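**Student:** The structure that follows is given in the form of structure tokens.
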Amino acid sequence: MSSPHDSVPAVSDHGGSVPATQEPIPDPGLHKHTWRPTDVDDRLAKRAERQIAAMFVLSMLCAVLFVVAYFTLEIGDSFDTVGYLGASTVALGLSLAGALLFIGVGVIQWARKLMSDVEISEPRHPAKSSDADRAATLQSLDLGAKDSGIGRRPLIRNTMLGAVGLLGLPALVVLRDLGPLPGDRLARTIWQPGMRLVRDVLGTPVKPSDMEVGDLINAAPEALFPTEENGYEEIEGVELNVEKAKGAIIIVRMEPGDIVSTQGDNWSVDGIVSFSKICTHVGCPISLYERTTHHVLCPCHQSTFDLADSAKVVFGPAARPLPQLPLAVNEDGYLIAQSDFTEPIGASYWEREKES
Ligand code: FES
């Protein structure tokens, strides 16, 4: 028998070619066929036939029962034995299930006992068309091109190609509606020199003495919590939400000796560092702080940042560290920002250079 391997040059264990007629793995061929009792005994075959027919008859009975139950049982009738289930529901469900089940059993028995079970094999043919088919196809294409006159009428051909090519332009132009590039909008936040760091939601300012080593506080710029005392102007609506999102930070306290590096000189206070809460991958809020390693994890795609080492990426798809907020302490002992972030916050899949 021919084998699909016949035409493939084989390679020996030692890297050399072996003759194409020699198969690397011998074809085991088909197992010896075992005849079923119904193949060799007419009496058994007849009995199987009757059993299978009985299944189909049972299916028919169930179908008829379904129709009878549908028209005779009222919704709300009940069988004592099935408790709260309505008689109609039970009868319809069981009769329909029986009709389907007996058809299935009958077909399976038919295939197992009576249908031919002789194994056959069919050699695979190459997927590519024959040379003759390919030649015929090329010929018809050629004929079609000649009939259309595309070669003889360059004006039509060229203008048509131009029209089809320019069809891509509208698709490109509407991409503009996806919105302006956010690079510059993310380059500045509401943080300013001297602005206090306040607890998210509560709006209360934070002192270094409020934090133990290992603590993490979700915080925000004080300007988002205007009061008469701090004198910040109220902002609302979309602008408020945008500034909230951009200004979100985390404050973490660790042993000062654990800090390996910061993104600028004197940006930490007594082991307290602060970073943007917005992941630099695609902008999820980071969370899940591990105090022993100083790693913080973004739950979206598991980017992990080492807060003790300038928030460098130690794992995951983020391509750059979390921007750091330079910290200081004011005369009242509260944590303040030395300045805005010195680079754009947020996701980094577009040009991120900050304009000076
Ligand atoms: S958004 Fe943080 S890892 Fe993807």
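The values are calculated or read from the model by the stated rules, or taken from the named source; none is laboratory data. The structure presented is a predicted model; accordingly, all values stated were derived computationally and were not measured. Glycine also receives a Cβ, built like all others from the backbone with ideal geometry; neighbour counts cover every protein chain displayed. Surface areas here come from the heavy atoms of the whole protein model, side chains and all, with no ligands, DNA or RNA. Shrake-Rupley method; radii C 1.70, N 1.55, O 1.52, S 1.80 Å.
**Student:** Considering only region 253-261, I want to know if a residue exists there that is farther than 17 Å from GLN338 by Cβ and among the aliphatic types (A, V, I, L, M).
**Tutor:** There is at least one residue in region 253-261 that is farther than 17 Å from GLN338 by Cβ and among the aliphatic types (A, V, I, L, M).
**Student:** Would you please name the residue that is least open to solvent (accessible area, probe 1.4 Å), looking only at residues in region 314-324 that are within 14 Å of the ligand (Cβ to nearest atom) and assigned to a strand (DSSP E or B)?
**Tutor:** The selected residue is VAL314.
**Student:** Restricting attention to region 247-266, and to residues there that are assigned to a loop (DSSP other than H, G, I, E, B) and open to solvent by less than 30 Å² (accessible area, probe 1.4 Å), which single residue is farthest from the ligand (Cβ to nearest atom)? Lay out the reasoning, then the answer.
**Tutor:** In the first step, residues of region 247-266 are kept if they are assigned to a loop (DSSP other than H, G, I, E, B); the result is 248, 254-255, 259-260, 262-266.
This time we only want the ones that are open to solvent by less than 30 Å² (accessible area, probe 1.4 Å), so: 248, 254, 264.
On the way: ALA248: 14, MET254: 22, GLY264: 23 Å.
If we take residues in region 247-266 being assigned to a loop (DSSP other than H, G, I, E, B) and open to solvent by less than 30 Å² (accessible area, probe 1.4 Å), then GLY264 is farthest from the ligand (Cβ to nearest atom).
**Student:** Moving on to the next point. Just need a number here: residues in region 327-347 that are part of a loop (DSSP other than H, G, I, E, B) and under 16 Å from ARG253 (Cβ atoms).
**Tutor:** Going residue by residue through region 327-347, those that are part of a loop (DSSP other than H, G, I, E, B) are 330-334, 338-347.
Now narrow it down to the ones that are under 16 Å from ARG253 (Cβ atoms): 333-334.
Of the residues in that region, 2 qualify.
**Student:** Sticking with this one: Take the residues in region 207-240 that are modelled with pLDDT of 90 or more and of a type in the set (S, T, N, Q), then tell me which one is surrounded by the fewest Cβ atoms within 10 Å (Cβ to Cβ).
**Tutor:** SER209
**Student:** Still on this structure: For SER287, work out the one condition from (1) in contact with a Ser or Thr (Cβ under 6 Å, 6 or more places away or on another chain); (2) within 16 Å of the ligand (Cβ to nearest atom); (3) open to solvent by less than 80 Å² (accessible area, probe 1.4 Å) it doesn't fulfil.
**Tutor:** (1)
**Student:** I'd like the residue in region 169-206 that is at pLDDT 85 or above and small (Gly, Ala, Ser) and, out of all such residues, is surrounded by the fewest Cβ atoms within 10 Å (Cβ to Cβ).
**Tutor:** Narrowing region 169-206 to residues at pLDDT 85 or above: 188-206.
Next, from what is left, pick out any that are small (Gly, Ala, Ser): 194, 203.
Details: GLY194: 12, GLY203: 16.
Result: GLY194.
**Student:** Just wondering, is there one or more residues in region 344-351 that are open to solvent by less than 30 Å² (accessible area, probe 1.4 Å), within 12 Å of the ligand (Cβ to nearest atom) and under 23 Å from VAL198 (Cβ atoms)?
**Tutor:** The answer is yes; a qualifying residue exists.
**Student:** Given the conditions (1) within 11 Å of the ligand (Cβ to nearest atom); (2) touching a residue at least 24 places away in the same chain (Cβ under 8 Å); (3) buried (at least 19 other Cβ atoms within 10 Å of the Cβ), which single one is not true for VAL282?
**Tutor:** Unmet for VAL282, out of (1) within 11 Å of the ligand (Cβ to nearest atom); (2) touching a residue at least 24 places away in the same chain (Cβ under 8 Å); (3) buried (at least 19 other Cβ atoms within 10 Å of the Cβ): (3).
**Student:** I need every pair where a residue in region 300-311 that is outside the structural domain of LEU322 (by TED's automatic domain parsing) has its Cβ under 7 Å from the Cβ of a residue that is near the ligand (Cβ under 6 Å from one of its atoms) and open to solvent by 10 Å² or more (accessible area, probe 1.4 Å), sequence separation at least 6 or different chains.
**Tutor:** Taking only residues 6 or more apart or on different chains, not a single pair turns up.
**Student:** Do we have any residue at all in region 293-308 that's more than 12 Å from the ligand (Cβ to nearest atom), open to solvent by 60 Å² or more (accessible area, probe 1.4 Å) and of a type outside the set (Asp, Glu)?
**Tutor:** First, pick out the residues of region 293-308 that are more than 12 Å from the ligand (Cβ to nearest atom): 293-295, 306-308.
Of the ones still in play, those that are also open to solvent by 60 Å² or more (accessible area, probe 1.4 Å) are none.
No, because not a single residue in region 293-308 is more than 12 Å from the ligand (Cβ to nearest atom), open to solvent by 60 Å² or more (accessible area, probe 1.4 Å) and of a type outside the set (Asp, Glu).
**Student:** Of a type in the set (Val, Ile, Thr), within 14 Å of the ligand (Cβ to nearest atom) and touching a residue at least 24 places away in the same chain (Cβ under 8 Å): does that describe VAL329?
**Tutor:** Numbers: of a type in the set (Val, Ile, Thr): yes; within 14 Å of the ligand (Cβ to nearest atom): no; touching a residue at least 24 places away in the same chain (Cβ under 8 Å): yes.
Judged against the criteria, VAL329 is not a match.
**Student:** Which condition number in (1) more than 14 Å from the ligand (Cβ to nearest atom); (2) within 17 Å of ASP340 (Cα to Cα) is the one that LYS277 fails?
**Tutor:** Checking LYS277 against (1) more than 14 Å from the ligand (Cβ to nearest atom); (2) within 17 Å of ASP340 (Cα to Cα), the one that fails is (1).
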